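Trainee: Sharing a structure, written as structure tokens. Questions coming.
The values are calculated or read from the model by the stated rules, or taken from the named source; none is laboratory data. Predicted model only: the values in this text are computed from it and were never measured. For neighbour counting, all protein chains shown are included, and Cβ atoms are generated from backbone atoms with ideal geometry for every residue, glycine included. Accessible surface areas use protein heavy atoms only, side chains included; no ligands, DNA or RNA. Shrake-Rupley method; radii C 1.70, N 1.55, O 1.52, S 1.80 Å.
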Amino acid sequence: MQFESKAIHIGRQVDPNTGAVTTPIHLSSTYERQGDGLYINDTMYSRSKNPNRRSLEECLTSLENGFDTIAFSSGMAAITAVIESLPTDKPQRIILPVEMYFGVKLLLDKTDIGRRFEFEMVDMTDLKAVEKIINEKPTGMVWIESPSNPQINITDIKAVVALAEKVGAVTVVDNTTASPLYQQPLSLGADFSLHSVTKYIGGHSDVLLGAVIAKENSEMLESMRLHQANKGGVPSPFECWLALRGIETLAIRMRAHSENAMAVAKFLEAHEKVSAVHYPGLETHPSYEIAKNQMSGYGGLLSFEVVGGEKEALKVANSVKMIVQATSLGSTHSYIEHRASVEKELTISPESLLRLSVGLENAIDIKADLAQALDNI
Ligand SMILES: *Cc1c(COP(=O)(O)O)cnc(C)c1O
């Protein structure tokens, strides 16, 4: 099946009890034990297995051509599970990109994860620097995020995976900003692909959910399964159901996000109050060729720098009318955010930079809103 068909059919079936075409939501926390001591479909208790969660996992596995998927209550719960599942016979040293989702930085800075593992960060767009740091000391895991957030850096996934493989390190790609439609990390060689399902996959800013998709069966995958059932950070059946509903339109939404983002990027590039636009679909992006090779589309996330600094950037963010000034990305609504003032002292985001998650409104209205906001500086 092609992507669009899998997105609608995999993990679902017409309900054998009622003929319902859409999957029922299974809220029951517990399941009846049969006379033989076994359970129907192995489902005993909702924390260890739930039909809606399993449907979502099966669908995501098929969308990224993986072996299996483990869903968690948020993207951060999925990230924590991946890190904590690094086998103890591997070096407990993890290499991450300098520019990555801010929540991962907070996880390392504010929780015990940062003390239990050794972390080092590197500019992942610089392959020489990546090779050097991977080989400096024994490395257990290499973390990739591409396109990165918010500066939209592109990492050459195949090349970094090859460097990690040489030293036997596990590779993980945070594929959230690209979406399963436009980037397939497992086909590019990565061991795990990870999503904040909260973003494009859910797609409507009404679900908090995360998932890890594995390329093959492994001790690490088994460990994440145990993490899910026993540490218990599982998503609710309703949220799994909402995510699956979002997935049905994922492909057409992504195409519309991309089309809108390209129109907005070109508009911003030509605007006199804008000094830079970061969008992988623009030929002016420094890694345009790599993006073109490993992605089949560029999605709705971009960032731009205004002429001036923090004051001017905040003025624009505070002046939009239809676009919402909010964190997050990948929704039907367009969001704008000044990341430097959100991230404060830990930030590496330029003061003049605004992140824009281009939604599914008409591009004419998005451009008009940005035009009137830019007029204020
Ligand atoms: C939002 C996000 C996360 C974290 O996901 P939550 O669902 O908010 O926990 C991780 N990585 C990226 C790239 C994100 O955008």
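Trainee: Scan the stretch 290-309 for residues that are under 27 Å from the mean Cα position of the chain (by Cα), open to solvent by 20 Å² or more (accessible area, probe 1.4 Å) and either small (Gly, Ala, Ser) or at pLDDT below 95 (or both) and jot them down.
Mentor: Of everything in the stretch 290-309, just one residue is under 27 Å from the mean Cα position of the chain (by Cα), open to solvent by 20 Å² or more (accessible area, probe 1.4 Å) and either small (Gly, Ala, Ser) or at pLDDT below 95 (or both), namely Ser296.
Trainee: Separate question: Does any residue of the stretch 2-16 turn out to be basic (Lys, Arg) and over 13 Å from Ile247 (Cα atoms)?
Mentor: Checked the stretch 2-16: no residue is basic (Lys, Arg) and over 13 Å from Ile247 (Cα atoms).
Trainee: Filter the stretch 122-137 down to the residues that are part of a loop (DSSP other than H, G, I, E, B) and of a type in the set (D, E, K, R) and list them by number.
Mentor: Hits for the stretch 122-137 are Asp123, Asp126, Lys137.
Trainee: While we're looking at this one, here's another question. For Asp174, all conditions in the list (1) among the charged types (D, E, K, R); (2) surrounded by fewer than 23 Cβ atoms within 10 Å (Cβ to Cβ); (3) within 16 Å of Gly75 (Cβ to Cβ) hold save one; what is the number of the exception?
Mentor: Among (1) among the charged types (D, E, K, R); (2) surrounded by fewer than 23 Cβ atoms within 10 Å (Cβ to Cβ); (3) within 16 Å of Gly75 (Cβ to Cβ), Asp174 violates only (2).
Trainee: Can you tell which of Lys199, Lys231, Lys166, Lys215 is of a type in the set (D, E, K, R), open to solvent by 10 Å² or more (accessible area, probe 1.4 Å) and within 13 Å of the ligand (Cβ to nearest atom)?
Mentor: On the way: Lys231 fails: within 13 Å of the ligand (Cβ to nearest atom); Lys166 fails: within 13 Å of the ligand (Cβ to nearest atom); Lys215 fails: within 13 Å of the ligand (Cβ to nearest atom).
After ruling out the rest, the residue left standing is Lys199.
Trainee: Among Val207, Val172, which is within 12 Å of the ligand (Cβ to nearest atom), over 22 Å from Asn153 (Cβ atoms) and in contact with a helix residue (DSSP H, G or I) (Cβ under 7 Å, 6 or more places away or on another chain)?
Mentor: After ruling out the rest, the residue left standing is Val207.
Trainee: If you check every pair at least six apart or on different chains, which have Cβ atoms under 6 Å apart with a residue in the stretch 98-121 that is within 17 Å of Asn149 (Cα to Cα) first and a residue that is within 14 Å of the ligand (Cβ to nearest atom) and open to solvent by 40 Å² or more (accessible area, probe 1.4 Å) second?
Mentor: Here the result reads Glu99/Gln151; Glu99/Asn153; Gly103/Met76, each pair linking the stretch 98-121 to a residue that is within 14 Å of the ligand (Cβ to nearest atom) and open to solvent by 40 Å² or more (accessible area, probe 1.4 Å).
Trainee: Leu314 fails exactly one of the following numbered conditions: (1) free of Cβ contacts under 8 Å to residues at least 40 places away in the same chain; (2) in a loop (DSSP other than H, G, I, E, B). What is the number of that condition?
Mentor: (2)
Trainee: Right, something else. So in the stretch 324-337, with the set limited to residues that are more than 12 Å from the ligand (Cβ to nearest atom) and within 20 Å of Gln151 (Cβ to Cβ), which one is surrounded by the most Cβ atoms within 10 Å (Cβ to Cβ)? Reasoning before the result, please.
Mentor: From the stretch 324-337, those more than 12 Å from the ligand (Cβ to nearest atom) are 324-326, 332-334, 336; that's our starting set.
Next cut, within 20 Å of Gln151 (Cβ to Cβ) only: 325-326, 334, 336.
Numbers: Gln325: 15, Ala326: 14, Ser334: 27, Ile336: 24.
Per the stated criteria, the residue is Ser334.
Trainee: I've got another one for you. Determine which member of the set Gln184, Gln151 is part of a loop (DSSP other than H, G, I, E, B), away from the ligand (no atom under 12 Å from the Cβ) and either of a type in the set (A, V, I, L, M) or crowded, with 22+ Cβ neighbours inside 10 Å (or both).
Mentor: Values: Gln151 fails: either of a type in the set (A, V, I, L, M) or crowded, with 22+ Cβ neighbours inside 10 Å (or both).
Result of the check over Gln184, Gln151: Gln184.
Trainee: Follow-up. Can you pull out the residues in the stretch 63-79 that are open to solvent by less than 30 Å² (accessible area, probe 1.4 Å) and either assigned to a strand (DSSP E or B) or near the ligand (Cβ under 10 Å from one of its atoms) (or both)?
Mentor: Scanning the stretch 63-79 gives Asp68, Thr69, Ile70, Ala71, Phe72, Ser74, Gly75, Ala77, Ala78, Ile79.
Trainee: In addition: On the given criteria, is Arg54 of a type outside the set (Gly, Ala, Ser) and either open to solvent by 40 Å² or more (accessible area, probe 1.4 Å) or in the same structural domain as Ser328 (by TED's automatic domain parsing) (or both)?
Mentor: Details: of a type outside the set (Gly, Ala, Ser): yes; either open to solvent by 40 Å² or more (accessible area, probe 1.4 Å) or in the same structural domain as Ser328 (by TED's automatic domain parsing) (or both): yes.
Yes: the conditions hold for Arg54.
Trainee: Here's something else I'd like to know. Look at Glu351 and say whether it is in a loop (DSSP other than H, G, I, E, B), more than 16 Å from the ligand (Cβ to nearest atom) and either of a type outside the set (Ser, Thr, Tyr) or in contact (Cβ under 8 Å) with a residue 60 or more places away in the chain (or both).
Mentor: yes
Trainee: What number of residues within the stretch 80-107 satisfy the criterion of being more than 16 Å from the ligand (Cβ to nearest atom) and either at positive phi or assigned to a loop (DSSP other than H, G, I, E, B) (or both)?
Mentor: Residues in the stretch 80-107 being more than 16 Å from the ligand (Cβ to nearest atom) and either at positive phi or assigned to a loop (DSSP other than H, G, I, E, B) (or both): 8 in total.
Trainee: Applying the selection to the stretch 257-289, what residues are of a type in the set (A, V, I, L, M, F, W, C) and open to solvent by 40 Å² or more (accessible area, probe 1.4 Å)?
Mentor: Met262, Phe267, Ala270
Trainee: Kindly check whether there is at least one residue in the stretch 49-60 that is part of a strand (DSSP E or B) and polar (S, T, N, Q).
Mentor: No, the conditions are met nowhere in the stretch 49-60.
Trainee: Here is a follow-up. State whether one or more residues within the stretch 56-78 are within 15 Å of the chain's Cα centre (by Cα) and among the acidic types (Asp, Glu).
Mentor: There is at least one residue in the stretch 56-78 that is within 15 Å of the chain's Cα centre (by Cα) and among the acidic types (Asp, Glu).
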